[in-house]
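Here is the structure we will look at.
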Amino acid sequence: MKTKISLAAVTLFALMFIFSQSTHVKAEPKKAANFNLRDPWNNRFSLEQFKGKTVILNFFRIYCGGRIAPQTAKQFQELNKTCEEFCKGKNCADGEVVFIGITLATCPTTDLKEWVRAHNINWFLGNDYDDYKLDVINSYAEYLAKVGDPALIFINKNQDVVYTSNYLDSLKIIEKLKEIM
């Protein structure tokens, strides 16, 4: 019995280690797909309106009741640090770098307005499920399949996708932003 438990523990640890490793893909510049989304207050925004700025798309899932995966919560902390550092405390929707969160929130019990406040999100957030089409997620599926959840997609000022990753800490995010800009 001890051997089975130990073997199971080692296997579980190995799987956790493998799946916790960051996946980074330097993308050959390819035009980013434009999209139109609504924020939780019903304001529309599109990628095209940020042409001339560097954009980070953060794809993640919100589960019923507003729950998110631990890795997603950790990514938000790092994005908030990056925003404080890079945007100098301003709203990270107004500077040279624009952060856009794109979620798939299908559960009607999730109040996205409250969720944004609870997670100190001060950048654009859109729910790709708001029109039941999942068009944004489908447009970026080739990148999302390579990096998992949460996913970061870096878009340069010409609106080309130039880098993708799953979790990155704030220092790596800032390093990538400086390379891209």
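Derivation of every value follows stated rules applied to the coordinates shown; laboratory data play no part. This one's a predicted model, so the numbers in the text were calculated from it and none came from an experiment. Ideal geometry is used to build each Cβ from the backbone, glycine not excepted, and the neighbour counts take in all protein chains shown.
What you get for the range 23-180, charging only the Cβ of Lys and Arg (+1) and of Asp and Glu (-1), is a dipole of about 160 debye around the Cα centre. For the range 110-181, just say rounded, prolate or oblate: build the C-alpha gyration tensor, square-root its eigenvalues into a ≥ b ≥ c, call rounded for a/c under 1.5, and beyond that prolate if a/b exceeds b/c, oblate if not. The shape class here is oblate.
Just check the range 23-180 against the gyration tensor rule for me: Cα atoms, a ≥ b ≥ c as the square roots of the eigenvalues, rounded for a/c under 1.5, and otherwise prolate or oblate depending on whether a/b exceeds b/c. Cα axes put the range 23-180 in the rounded bin. Annotation: extensible slack from residue 38 through residue 117 equals 26.8 nm (criterion: 0.36 nm per residue apart, minus Cα-Cα distance).
Multiplying the residue separation of residue 130 and residue 149 by 0.36 nm and subtracting their alpha-carbon distance yields 4.9 nm.
Judged by the ratio a/c of the largest to the smallest principal axis of the C-alpha gyration tensor, the range 96-142 counts as oblate, that ratio being 1.5 or greater while a/b is no larger than b/c. For the range 23-180, the relative contact order comes to 38 percent (Cα pairs under 8 Å, sequence separation of at least 6). Within the range 23-180, antiparallel bridges make up roughly 60 percent of the DSSP beta bridges whose residues both belong there. Of the cross-linked pairs 30/81; 31/176; 81/133; 31/74; 31/172, those separated by over 25 Å at the C-alpha level are 30/81; 81/133; 31/74. Between the residues 101, 144, 119, the greatest Cα displacement towards the positive end of the dipole of the range 67-149, with unit charges on the Cβ of Lys, Arg, Asp and Glu, is found for 119.
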